[in-house]
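Asker: Would you mind keeping the following structure in view while I ask a few things?
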Amino acid sequence: MSHLIDVHTHFMPDRLLAAVWAYFDAGGPLLGRAWPIRYRAEEQRRLEVLRGFGVRAFTSMLYPHKPGMARSLNDWAAGFAERNPDCLHSATFFAESSAPADVRHALDQGARVFKCHLQVGGFNPNDPLLDDAWGQLAEAGIPVVTHCGSGPVAGRHTGPGPIAELLARHPALRLVVAHLGMPEYTEFLDLAERYAGVLLDTTMAFTSFVEATSPFPRAELPRLKSLGDRVLLGTDFPNIPYPYADALEAIEQAGLGAGWLRAVCHDNAAKLFAI
């Protein structure tokens, strides 16, 4: 497809991105296999490559791993989106006392999508420090791409349980489950069927890299097809260990039809973000 909207791509300050790449470079013992970064290049080159794939809108997913980082990351992301109008202005938060003010500041700056990384952040989404932040995001109807599944390595607060608890308190949240909820695909499909605001992104799903350890259950394909208006293209570019085209081919080979594929790769995100 020549017009793609990728809701799960990573652009962040150079120092932070270098640290992320170092994590993946050293990830062999933790992950059980190598994870070579396919698109390791300076920022402008990465932008050129992504646009060259036909991506017309994308995100700058960034995330703090400790308190005190979110506000400066969000300020950086605001500048990045201003410099690159095809980037959906992205923001983030951490479980800390400043979270409500950090989210408000980012919303006032014009953030259109947030990233919440429960695995890296190591926090419970139901931490009382976050309740006002989630409330703001639910009220604003802003999508929050959330790494909440337990892949590739389980965290203290990953899995469907904490998210089910969060949605019970904030049922209007537009929560985008990253990686289709890998490996708890079934349980996150359950949540998507229960809550109209829950979406899923396809990041790394169906690729041979993921299928080797966390295969998507074929019995769930009909449910994924029926949720076709709430599935969004995501890839994890540039931090993927295979070519970008492989991600697109893997989704296509799921065999859910041309209409489903077109909605996932463009139409759903275009509607969600009024592009």
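Asker: Around Gly52, what is the net charge, scoring Lys/Arg as +1 and Asp/Glu as -1 over all other residues with Cβ under 11 Å from its Cβ? Mind dumping the intermediate values first?
Answerer: Values: positive: Arg45, Arg46, Arg51; negative: Glu48.
For residues surrounding Gly52, the net value is +2.
Asker: Taking N as the number of residues in segment 144-250, what is its Cα Rg relative to 2.2 N^0.38 Å?
Answerer: Numbers: Rg = 13.2 Å, N = 107, 2.2 N^0.38 = 13.0 Å.
In units of the globular-protein estimate, segment 144-250 measures up at 1.01.
Asker: Around Met204, under 14 Å between beta carbons, what's the net of Lys plus Arg minus Asp minus Glu among the other residues? Write down the numbers at each step before the final one.
Answerer: Numbers: positive: Arg33, Arg38; negative: Asp6, Asp201, Glu211, Asp236, Asp246, Glu249.
Neighbour charge sum, excluding Met204 itself: -4.
Asker: Give, in nm to one decimal, the length gained when the segment between Asp108 and Glu82 is fully stretched (0.36 nm per residue of separation minus the Cα-Cα distance).
Answerer: On the way: separation 26, 0.36 × 26 = 9.36 nm, distance 1.42 nm.
The Asp108-Glu82 span can extend by a further 7.9 nm.
Asker: Still on this structure, please answer the following. Name the GluC sites (Glu not before Pro) in segment 160-194 that are in a loop by DSSP and that have at most 14 other C-beta atoms within 10 Å, would you?
Answerer: Working: sites: Glu165, Glu184, Glu187, Glu193; in loops: Glu184.
Within segment 160-194, no GluC sites (Glu not before Pro) qualify (loop, at most 14 other Cβ atoms within 10 Å).
Asker: In whole Å and largest first, what semi-axes does the C-alpha gyration tensor of segment 1-100 yield when each eigenvalue is scaled by 5 and square-rooted?
Answerer: Details: eigenvalues 102, 90, 26 Å².
Result for segment 1-100: semi-axes of 23, 21, 11 Å.
Asker: In whole Hz, what ³J(HN,Hα) sequence does segment 61-73 give by Karplus (6.51, -1.76, 1.60; θ = phi - 60°), x for Gly and Pro?
Answerer: Working through the residues one at a time gives 4, 9, 7, x, 10, 7, x, x, 9, 4, 4, 5, 4 Hz.
Asker: Given (i) 21; (ii) 33; (iii) 29, which label gives percent of Cα pairs over 30 Å apart as computed from the coordinates?
Answerer: Structure-derived value, by its label: (i).
Asker: Any idea what Rg and Dmax come out to for segment 31-73 if you just take the C-alpha atoms, in Å?
Answerer: Values for segment 31-73 (Cα only, Rg and Dmax): 14.3, 36 Å.
Asker: With only alpha-carbon atoms counted, please give the Rg and Dmax of segment 163-223, in Å.
Answerer: Reported Rg and Dmax, both Å: 12.0, 37.
Asker: Then there is this: By the scheme Lys and Arg +1, Asp and Glu -1, what is the net charge of all other residues having a beta-carbon under 12 Å from that of Glu220? Spell out each step's value before the answer.
Answerer: On the way: positive: Arg218, Arg223, Lys225; negative: Glu184, Glu187, Asp190, Glu193.
Its environment carries a net charge of -1.
Asker: Across 10 Å bins from the origin, how do the percents of Cα pairs in segment 48-184 run, short distances first?
Answerer: Once binned at 10 Å, the Cα pair distances of segment 48-184 give 13, 44, 34, 9, 0.
Asker: Order these peptides, 103-109, 253-259, 208-214, by their mean beta-carbon neighbour count within 10 angstrom, highest first.
Answerer: 103-109, 208-214, 253-259
Asker: Heavy atoms of the protein only, probe of 1.4 Å, neighbouring chains included. What is the accessible area of Leu180 in Å², nearest 10?
Answerer: Only protein atoms counted, so the area is about 0 Å².
Asker: Continuing with this model, one more query. Might you tell me the accessible area per residue for segment 122-170, computed with a 1.4 Å probe and given in Å²?
Answerer: Values: 1790 Å² over 49 residues.
Accessible surface, normalised per residue, equals 36 Å².
The values are calculated or read from the model by the stated rules, or taken from the named source; none is laboratory data. Everything numeric here is computed off the predicted structure, so don't read it as measured data. Virtual Cβ from ideal backbone geometry, glycine too; neighbours counted across all protein chains shown. Heavy atoms of the whole protein, side chains included, go into the accessibility calculation; ligands, DNA and RNA do not. Shrake-Rupley method; radii C 1.70, N 1.55, O 1.52, S 1.80 Å.
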